[in-house]
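The values are calculated or read from the model by the stated rules, or taken from the named source; none is laboratory data. What you are looking at is a predicted structure, and each value in this text was computed from that prediction instead of being measured. Ideal geometry is used to build each Cβ from the backbone, glycine not excepted, and the neighbour counts take in all protein chains shown. Areas reflect the complete protein model, heavy atoms only, side chains present, ligands, DNA and RNA absent. Shrake-Rupley method; radii C 1.70, N 1.55, O 1.52, S 1.80 Å.
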Amino acid sequence: MKHHNLPVSPETVHWGYFSKAVQPAITVRSGDRATIETLTHHANDDYERMIQGDPAAEAIFHWTKEQKTISRRGSGPTEGPFKLGAGEGIGVHLMTGPVAVEGAEPGDVLEVRILDVRPRPSQSACYCGRCFGSNAAASWGFHYHDLIEEPKPREVVTIFELDTAGEPYAKAVYNYVWTPQTDPDGVIHSTIDYPGVRVDHNLVTKRENILQDIRVPARLHFGTMGLAPSEEDFVSSIPPSYSGGNIDDWRIGRGARMYYPVAVDGAYFSVGDPHAAQGDSELGGTAIETSLTGDFEFILHKKNDLGGTVLEGLDHPMLETDEQWSVYGFTYPNYLEALGKDAQTTIAHHSSVDKAMRDAFRKMRRFLMTAHNMSEDEAIALMSVAADFGVTQVVDANWGVHGSIRKNIFKCY
């Protein structure tokens, strides 16, 4: 076993997409471990707390009229004309990687074990050692067209501080209503529509003493994690799909094991969208977006060895914890295949919890029938009395429902 270190830098992150065409940041073998740093793409909501004084973050987010460190931010074309900014595309998350896995081939399954997760402290002179995150109640949130107070519609950013002295929790510091922001290239962003735009705090009104006496339990996890799909060279980081991605399940944290079907040689694992806390549904559009460092272990399961195991026939992401198994249903199990060449731009028009529930049901049925040798009638009965289905997220275009079954109901556990 070898332990690798993968810090964030302009050379080790890619912004807004999964890709089989990007040069791997590192290559690992099955059984290797890696410490991987991740940055939140929302850090510029409060530059002073989440970027200032951090050399790597400053380099990655650097954007002036003369220079922009990372131009491509999404899966779209690199040549204009652009409306929102140079390199605009579909996708928002800062991803670290890819991590290539030696010997990984289509049909294999990659197991990713999350051994530990810890927050990235501020390096600002004023806030050194403290940890912060941002929540955006944004235009893509489920709530956005159902507001009752004025002004409406509106986007609201809430800055949280994470206390890790004991049992970790987050507490709100202040919030502000998004006001039009002008980026260094002169583009005006009237909404949160382009990742990495630095918020000028002279243009917003901070509202303090909010969510008083509220402590949000911290559930450190990675919202977006998975492998490169095979269908396109650059695939938006927003909709989750068969190879993982933006699943946004708070259970994908310390102690979790994620299983992903390998679609391309080398697997090409990337991780980002780090969260301090999130509820099921991620209703407003984001979690508490923060920066995290994780310790991971990679186990490659070859396709010829999957028969008779819980991974037999696995063609979608699956979670294992000490207590349960979870499968993930989406509006489309593979939206890239289902919707064709315009899939990345049209998937948001098809969002459906009903279809995601149907997909989660089918995946759980397959798991029980294949991994536990049940008949269809047995599987349906057990799902109805012992499985838990919940809305994972309704904000990522390809909406998600998770189905979970506890291990302690099976005699073998």
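Observations, loosely collected:
- Residue 194 accessible area, 1.4 Å probe, all protein chains in place, Å² to nearest 10: 10
- Positive contributions from Lys and Arg (+1) and negative ones from Asp and Glu (-1), summed over other residues with Cβ under 10 Å from the Cβ of residue 103, come out at -2.
- Helix-only [θ]222 nm of the chain, DSSP H runs n ≥ 4, -39500 (n - 2.57) each, per residue, nearest 500: -3500 deg cm²/dmol
- Cα gyration tensor category, rounded, prolate or oblate, for the range 292-413 with a/c compared to 1.5: prolate
- The radius of gyration of the Cα set in the chain, together with its Dmax, comes out at 20.7, 65 angstrom.
- With the whole protein complex present, residue 354 retains an accessible surface near 130 Å², based on a 1.4 Å probe.
- Largest first, the residues 362, 254, 120 sort by 1.4 Å accessible area into 254, 362, 120.
- Scanning the chain for GluC sites (Glu not before Pro) that sit in a DSSP loop and have at most 11 other Cβ atoms within 10 Å, the longest stretch containing none of them is 150-413.
- Extension gain, residue 312-residue 69: 0.36 nm per intervening residue step, less the Cα-Cα distance, totals 83.1 nm.
- Whole-angstrom gap from the range 84-119 to the range 156-199, using each part's C-alpha centre: 24
- Loop trypsin sites (Lys or Arg not before Pro), the range 365-411, which have at most 10 other Cβ atoms in a 10 Å radius of their Cβ (DSSP): 411
- Residue 349 - accessible surface, heavy atoms, 1.4 Å probe, Å² rounded to 10: 150
- Shape category assigned to the range 132-240 from the gyration tensor of Cα positions, a/c cut at 1.5: oblate
- Note: relative contact order over the range 333-413, using C-alpha pairs below 8 Å and six or more positions apart, is 32 percent.
- Set of lysines near residue 65 by C-alpha distance (under 29 Å), chain-local residues within fewer than 8 positions excluded: 83, 206
- In the context of the full set of protein chains, the range 323-388 has a per residue accessible area of 51 Å² (1.4 Å probe).
- Accessible surface area normalised per residue over the range 9-92 is 42 Å², counting heavy atoms of protein chains with a 1.4 Å rolling probe.
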